[in-house]
Structures are given as C-alpha cells and as structure tokens.
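Inspection log for the structure reproduced underneath, given as structure tokens.
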Amino acid sequence: MARGSRYYTPSTKWDSSNPLLMMIIVQAMFFIALNFIKSIYTFSRMDPEAFYRNIYYWSILSADPSTFLTRPWTFITMQFSEVKLIVVIGNLIWTWMFGYLIQDLVGGDKIFPTYIYSSFIAGCAFIISVQMFQHEAAPYSFFSGVIPGILGLASAATTLSPKYRIFPMVGGGIPLWIISLVYVLLNISTAQGYMAIIPQITGLIVGFVYVKMLQQGMDPGSWIINFYNQVIHFFSPGKKKQRTSKQQSFYDSSGRTPFVKTPNLTQKRVDELLDKINQFGYDQLTEEEKTFLKQASKKDL
C-alpha cells in the first residue's frame, strides 16, 4: 500500500515501540475489557442498563460539567471506549490504514498526538455545543471520541498527501482524498443529530491544523511523544539502552568515518534502518540508506 511497506519485517513491525501497533492494541484492550465486564453483568442476569450506568458511562465523557469535572480521566478513556464489535472492527481497520500512511509519510511518532488532540478537542467542542444548544440535556449526553480521533488521522494523512494512491490494482489506484471523503460521509450520515456531527468536523479540522503546524516547523505533540517513549521504556527497560545506541549511530557520528557502502548486507544494518523509518518516516533516510534497503530487499535478508 505504501511506498515503504516492502521494507518492513516482522522484527520491526511487531516491535512495542511501533506507535501504530500500540494504538491498535489500546483500542482492542478497551473493547475486550469493557465487554468482559459487560458479560459478567449479562451472566449475572443483572439489568443491562446497569452496565452502562455503573461502568460504561464512567469511561466516556459527559456534557455535564458537574460530572466530567469529577471524572477527569474520561478525557482520555473516552478516546478508546467502544463496546459494539462491528464498530470496533471498522475502527481498527480505519485506524490501521490512516495511521500506516502517516507513519510512512512523516513517521509513527505523529500518530498518537494527532489522534489524542483530535479526540480531546472534539470532546471539548461536544461539551460546548451541548451547553450552548441543549443545556437541559447535558446530564444525559455522553461522548466517545474514537471516531473524531480516527477522522483526525484521516484528515492528517490526506493533508500530507491527498493524491497518495491506495489499491494500485484498481485502475491504477484510488486517491487517498476519495477514501477519506467516503469515510467522512459514512460517519456524518450515521451521526445521531448535529451534536454528534460537530465533534466529527472538529476532529477533521484538528488533524488538518496539526499537519500544517508540522509543516511550519512546530510540533505541539512533542510532549505526547516524549511521554509515550517514557512509558514504553518503563515497561521495556531493555529497549531504552538499545534505542540509545541506535540514535547515536544515526546522529552522534561526528569525528567518525562516513559509512562506506559494501556488498556485505547485514540484517543488523537493515533492522536499524527499518527502526529509523518507523520512528521518523521513509523520507528521513539518506540516499545511501535508501539504496542500501533496495539492495537488501533484492537479497531477501
């Protein structure tokens, strides 16, 4: 699908430092956890509404200030909370596709900031719109930010490369902007009222603005990236040392002899370049590194 996809191998694609993979895992874990608890309520023959009242509504965002101020964690948990299987399957597919494109175009470290900002600001837009137009319904209005987050990813990927073609076997490929437009229309057409449409449009705008800020040299999501890396290193302390050595090989090369291309293609060198693509994007490779990977792909290491 993407120009750099042929370079990914299982050793890097399933690395816990892959933000796209972690995004998929987090969404799936929330779904599994919520449905596990829901099954307990079902098998205990409890009122089905009790699950939503006691569990689900505590993981999504309420439009009532007196409620969401006492549940601040919902600004985060609402970004991943969904209990319908068919909806979750669709969300995972769309997240993977748009996230993969962002990872290929500008690096995987931009996935979480785009998603989190899109969902969070969409949640704020939801609260404000309900307070302005349906204030009396605020205590009964709740918001899940999964869709706006994915819409933010779609908007960001499309802004980066609107003519990027997917499924090249279909008439030379379908432009990314058409795929994104279809996804937007599907969500807007199924939205329940304009109170649900406003957050979705907000998510689209945030994804667009975030990419434009990146293109101007600003990165408001750097703190999210740093926090994410600290969490990964905390749970995988061995990776921190490994990553430091790789970063030194990429950036701390002053006073060393530049890399000289040789016919000896090593798997270690390939893995280092794949890790660099995963973190910073294919465009950040030097011409020598791109040539090296092309030679390695032909050798089928």
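The values are calculated or read from the model by the stated rules, or taken from the named source; none is laboratory data. This structure is a prediction, so every number in the text was calculated from the model and none was measured. Note: ideal-geometry Cβ built from the backbone for every residue, glycine included; neighbour counts use all protein chains shown.
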So P113, is it under 19 Å from I198 (Cα atoms) and touching a residue at least 12 places away in the same chain (Cβ under 8 Å):
no
Only one of (1) farther than 15 Å from S155 by Cα; (2) assigned to a helix (DSSP H, G or I) is not met by P220, so which one is it?
(2)
Whether any residue in region 115-132 is out of contact with any helix residue (DSSP H, G or I) (no Cβ under 9 Å at 6 or more places or on another chain) and among the polar types (S, T, N, Q) is what I want to check.
no
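Any residue at all in region 79-86 that is assigned to a helix (DSSP H, G or I), surrounded by 12 or more Cβ atoms within 10 Å (Cβ to Cβ) and at pLDDT below 95?
Filtering region 79-86 for residues assigned to a helix (DSSP H, G or I) gives 85-86.
With surrounded by 12 or more Cβ atoms within 10 Å (Cβ to Cβ) added as a condition, the list becomes none.
The answer is no; no qualifying residue exists.
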Need the failing condition index for P65 against (1) surrounded by fewer than 16 Cβ atoms within 10 Å (Cβ to Cβ); (2) over 19 Å from A196 (Cα atoms), just the number.
(2)
Out of all the residues in region 208-222, which are surrounded by 15 or more Cβ atoms within 10 Å (Cβ to Cβ) and closer than 15 Å to G107 by Cα?
Y210, V211, L214, D219, G221
How many of the residues making up region 116-142 are under 11 Å from the mean Cα position of the chain (by Cα) and either free of Cβ contacts under 8 Å to residues at least 60 places away in the same chain or farther than 30 Å from N226 by Cα (or both)?
0
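Hey, any hits in region 33-42 for a residue that's out of contact with any helix residue (DSSP H, G or I) (no Cβ under 6 Å at 6 or more places or on another chain) and modelled with pLDDT under 90?
We begin by selecting, within region 33-42, every residue out of contact with any helix residue (DSSP H, G or I) (no Cβ under 6 Å at 6 or more places or on another chain); these are 33-37, 39-40, 42.
Restricting the remaining residues to those that are modelled with pLDDT under 90 gives 42.
Looking for residues that are out of contact with any helix residue (DSSP H, G or I) (no Cβ under 6 Å at 6 or more places or on another chain) and modelled with pLDDT under 90, one finds at least one in region 33-42, hence yes.
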